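A short write-up of the structure that comes next.
The values are calculated or read from the model by the stated rules, or taken from the named source; none is laboratory data. Since the model is a prediction, treat every value here as computed from it, not as a measurement. So basically every Cβ, Gly included, is an ideal-geometry build from the backbone, and we count neighbours across all protein chains shown.
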Amino acid sequence: MKVIAKFLKSAAAPEHFPAESVPEVAFLGRSNVGKSSLINALLGSKLAHVSSTPGRTRTINFFGIFRNTAHAEPEFVLADLPGYGYAKISKSISSEWPKFIEPYLADRKSLALSVCLIDSNVPAQESDAQLISWLAHHQRNFLVVATKCDRLSGNKLTNSLRALTRDLNVDGILPCSAKTLAGLPELWKRVNSTLDHVQTESHPSPSSSHND
């Protein structure tokens with residue numbers, strides 16, 4: 001899918017977040033999960049910085065996603081969140097995450113979808129399980145995506161996804177690869193479905209209104 005992505009701003013505190021307008025889709029995961037590579041593959045451009053040292057990003061980076069540059073507003077905003085490190089998530093979300101992450105995930109009204117990235121090559125991590133549980137507890141819409149699926153053969157990938165689905169207690173996991181682009185059309189489909197749902201809720205059809 002062809003889109004144009006424009007960097008909007010970086011924020012290290014809630015008061016620096018951009019004004020809420022269009023729906024936002026957040027990407028989050030452990031520092032070594034391949035988040036930046038997947039975002040770049042999804043957008044078809046090198047916007048997210050791919051670092052050889054995981055965990056370097058300490059801000060939320062906001063990107064406007066346009067399908068038509070003639071529009072003043074983006075169709076949605078992609079929020080690239082800092083990785084939450086190698087340590088376990090503790091108490092709230094993570095002692096390693098900047099303190100502005102939890103307010104963003106808990107209170108941001110324009111946040112329509114959180115894309116939780118996990119590594120398909122490693123067993124379920126307690127930090128991922130706690131994050132997913134936290135999002136579910138706060139009734140946040142989320143999608144679990146397994147990265148680096150190109151590194152596993154068919155049977156190994158199937159077994160890995162089955163185990164991850166069970167251990168993370170989720171309904172399903174979408175396998176993706178930034179290298180082969182596998183799964184990215186389905187990821188776009190899930191994002192677009194969320195945006196369509198938000199649009200429908202914001203602008204209900206006349207037939208849905210009550211007639212006296």
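Got a sec? Which of SER114, SER94 is modelled with pLDDT under 75, crowded, with 19+ Cβ neighbours inside 10 Å and either assigned to a loop (DSSP other than H, G, I, E, B) or not charged (D, E, K, R) (or both)? Just a single option satisfies the conditions, and that option is SER94.
Going through the stretch 51-70 one residue at a time, which ones are modelled with pLDDT of 85 or more, in contact with a strand residue (DSSP E or B) (Cβ under 7 Å, 6 or more places away or on another chain) and outside any strand (DSSP E or B)? Within the stretch 51-70, THR59 is the sole residue that qualifies.
Would it be correct to say that SER153 is over 24 Å from ALA106 (Cα atoms) and modelled with pLDDT under 95?
Numbers: over 24 Å from ALA106 (Cα atoms): yes; modelled with pLDDT under 95: yes.
Taking the combined requirement at face value, the residue satisfies it.
If the condition is being touching a Ser or Thr at 6+ places or on another chain (Cβ under 6 Å), in a helix (DSSP H, G or I) and among the polar types (S, T, N, Q), then the stretch 120-171 contributes only SER160.
What do you reckon, is PRO103 at pLDDT 85 or above, in a loop (DSSP other than H, G, I, E, B) and either surrounded by fewer than 18 Cβ atoms within 10 Å (Cβ to Cβ) or not charged (D, E, K, R) (or both)?
Against the criterion (at pLDDT 85 or above, in a loop (DSSP other than H, G, I, E, B) and either surrounded by fewer than 18 Cβ atoms within 10 Å (Cβ to Cβ) or not charged (D, E, K, R) (or both)), PRO103 does not qualify.
Could you check, for the stretch 156-172, whether at least one of its residues is hydrophobic (A, V, I, L, M, F, W, C) and free of Cβ contacts under 8 Å to residues at least 24 places away in the same chain? No - not one qualifying residue is present in the stretch 156-172. For the stretch 15-28, residues that are surrounded by 15 or more Cβ atoms within 10 Å (Cβ to Cβ) and more than 16 Å from LEU187 (Cα to Cα) total 4.
Looking only at residues in the stretch 143-162 that are surrounded by 21 or more Cβ atoms within 10 Å (Cβ to Cβ) and hydroxyl-bearing (Ser, Thr, Tyr), the one that is farthest from SER177 (Cα to Cα) is SER160. Figure legend. Inter-residue proximity from the stretch 31-44: first residues more than 14 Å from VAL144 (Cβ to Cβ), second residues in a helix (DSSP H, G or I), beta-carbon distance below 6 Å, spacing 6+ or different chains. Indicated pairs: LEU42/LEU184.
Residues in the stretch 131-142 that are in contact (Cβ under 8 Å) with a residue 40 or more places away in the chain and surrounded by 19 or more Cβ atoms within 10 Å (Cβ to Cβ): LEU131 only.
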